[in-house]
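Enquirer: Just dropping this structure here.
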Ligand code: ADE
Ligand code: ZN
């Protein structure tokens with residue numbers, strides 16, 4: 001499935017495949033609590049978002065040097081290119097690294113090494129979005145923004161991720177205001193496990209331009225009307241929703257109903273190493289399982305460019 005497309009919801013740490021995790025562990029003298037890749041893969045059975053996040057943060061222990069981050073990003077970009085990705089807006093979670101003694105500079109410069117050569121090597125233009133962990137404090141988010149000030153030429157915007165329920169967008173009002181003053185674009189995860197009200201709050205209080213997931217907007221018809229009217233993009237991740245049990249099965253995923261309602265939907269892979277597929281695999285799955293025809297798939301691909309942070313002429317070139 002190689003329709004040209006943009007990927008807008010992708011956590012670079014969620015592209016850490018078991019083979020690379022073990023290779024980096026060996027390179028850095030880190031011992032993982034799994035005998036081998038097979039045993040590790042057996043741990044990929046999740047009950048909810050938190051059970052996934054526990055493993056996601058645990059495996060980050062293998063990422064220590066600029067080279068590690070460059071290798072991680074390069075491996076993702078190679079896979080993405082093979083699946084038709086022409087533009088990627090990539091999330092990273094600096095707080096999860098800083099807490100382990102790996103500084104902002106190591107993360108950003110390492111990722112940048114791979115991203116800077118990506119157009120040439122993989123035919124993919126890229127942007128970096130720095131996410132705050134919403135289950136950490138607002139003060140910690142503000143310190144992270146401060147630490148990012150030396151790297152603003154490398155970062156297009158900010159996002160909000162990690163455990164959603166109990167951590168409403170309003171907690172991060174000041175840090176989003178400060179980011180806006182720095183000229184950063186704003187997105188946030190909302191309505192993945194949390195309620196539809198978090199989507200409204202992310203729009204009204206944080207001023208986000210896109211909603212990551214937004215699945216639960218379907219519980220609020222007035223919100224759906226608003227999202228349609230304002231053409232707010234949703235970066236949906238159907239395979240993630242199944243693996244994290246936000247929906248029962250892929251057959252039950254509301255993507256077709258969301259497209260029918262006129263929502264600006266995109267499909268993305270979220271954490272492809274953990275959820276059973278990259279974005280081309282996701283297009284394939286929604287075609288096979290949800291019966292989206294070629295016209296609908298083309299609509300999703302077009303939406304991905306429209307919803308991206310590319311400027312008009314860049315967008316045309318990428319398509
Ligand atoms: N971090 C990585 N993947 C995530 C997801 N699906 N939701 C929230 N935080 C995340
Ligand atoms: Zn996500």
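Enquirer: Can you tell me which residue in segment 10-31 is surrounded by the most Cβ atoms within 10 Å (Cβ to Cβ), limited to those that are in a helix (DSSP H, G or I) and within 16 Å of ligand 2 (Cβ to nearest atom)? Spell out how you get there, then give the answer.
Expert: Initially, segment 10-31 is screened for residues in a helix (DSSP H, G or I), giving 12-15, 18-28.
After this cut, where a residue has to be within 16 Å of ligand 2 (Cβ to nearest atom) as well, the list is 12-15.
Values: 12: 25, 13: 22, 14: 21, 15: 23.
Ranking the candidates gives 12 first.
Enquirer: Take the residues in segment 143-166 that are within 16 Å of ligand 2 (Cβ to nearest atom) and surrounded by fewer than 20 Cβ atoms within 10 Å (Cβ to Cβ); name whichever of them is nearest to residue 199 (Cα to Cα).
Expert: First, the residues of segment 143-166 that are within 16 Å of ligand 2 (Cβ to nearest atom): 157-165.
From the residues that got through so far, the ones that are surrounded by fewer than 20 Cβ atoms within 10 Å (Cβ to Cβ) too are 163, 165.
On the way: 163: 15, 165: 12 Å.
Across segment 143-166, the extreme among qualifying residues is 165.
Enquirer: Just the residues that are over 24 Å from residue 85 (Cβ atoms) and in contact (Cβ under 8 Å) with a residue 12 or more places away in the chain, please, taken from segment 255-274. So that I can check it myself, show each step before the final result.
Expert: Filtering segment 255-274 down to residues over 24 Å from residue 85 (Cβ atoms) leaves 257, 260-262.
The answer is 257, 261, 262.
Enquirer: A further question follows. Looking at 224, 187 in this structure, which one is touching a residue at least 12 places away in the same chain (Cβ under 8 Å), within 14 Å of ligand 2 (Cβ to nearest atom) and under 27 Å from residue 257 (Cα atoms)?
Expert: Values: 224 fails: within 14 Å of ligand 2 (Cβ to nearest atom).
None of the other options fit; the residue is 187.
Enquirer: Continuing with the same structure: Just the residues that are outside any loop (DSSP other than H, G, I, E, B), within 16 Å of ligand 1 (Cβ to nearest atom) and in contact with a helix residue (DSSP H, G or I) (Cβ under 6 Å, 6 or more places away or on another chain), please, taken from segment 275-315.
Expert: Filtering segment 275-315 down to residues outside any loop (DSSP other than H, G, I, E, B) leaves 275, 279-290, 294-306, 312-315.
Next cut, within 16 Å of ligand 1 (Cβ to nearest atom) only: 275, 279, 282.
Within segment 275-315, 275, 282 meet the criteria.
Enquirer: Return yes or no: is residue 236 over 20 Å from residue 49 (Cβ atoms) and in contact with a strand residue (DSSP E or B) (Cβ under 9 Å, 6 or more places away or on another chain)? Even if it seems obvious, please write down each step before you answer.
Expert: Values: over 20 Å from residue 49 (Cβ atoms): no; in contact with a strand residue (DSSP E or B) (Cβ under 9 Å, 6 or more places away or on another chain): yes.
For residue 236, the condition - over 20 Å from residue 49 (Cβ atoms) and in contact with a strand residue (DSSP E or B) (Cβ under 9 Å, 6 or more places away or on another chain) - is not met.
Enquirer: Within the bounds of segment 287-296, is there any residue that is within 19 Å of the chain's Cα centre (by Cα) and surrounded by 15 or more Cβ atoms within 10 Å (Cβ to Cβ)?
Expert: Scanning segment 287-296 turns up no residue that is within 19 Å of the chain's Cα centre (by Cα) and surrounded by 15 or more Cβ atoms within 10 Å (Cβ to Cβ).
Enquirer: Does residue 215 satisfy the condition of being surrounded by 17 or more Cβ atoms within 10 Å (Cβ to Cβ), within 12 Å of ligand 1 (Cβ to nearest atom) and under 16 Å from the mean Cα position of the chain (by Cα)?
Expert: Details: surrounded by 17 or more Cβ atoms within 10 Å (Cβ to Cβ): yes; within 12 Å of ligand 1 (Cβ to nearest atom): yes; under 16 Å from the mean Cα position of the chain (by Cα): yes.
So residue 215 passes the test.
Quick note: the coordinates plus some simple rules give every number you see, no bench work behind them. Bear in mind the structure is a predicted one, so any value in this text is a computation, not a measurement. Quick reminder, even Gly has a Cβ in these numbers, built from the backbone with ideal geometry, and neighbours come from all protein chains shown.
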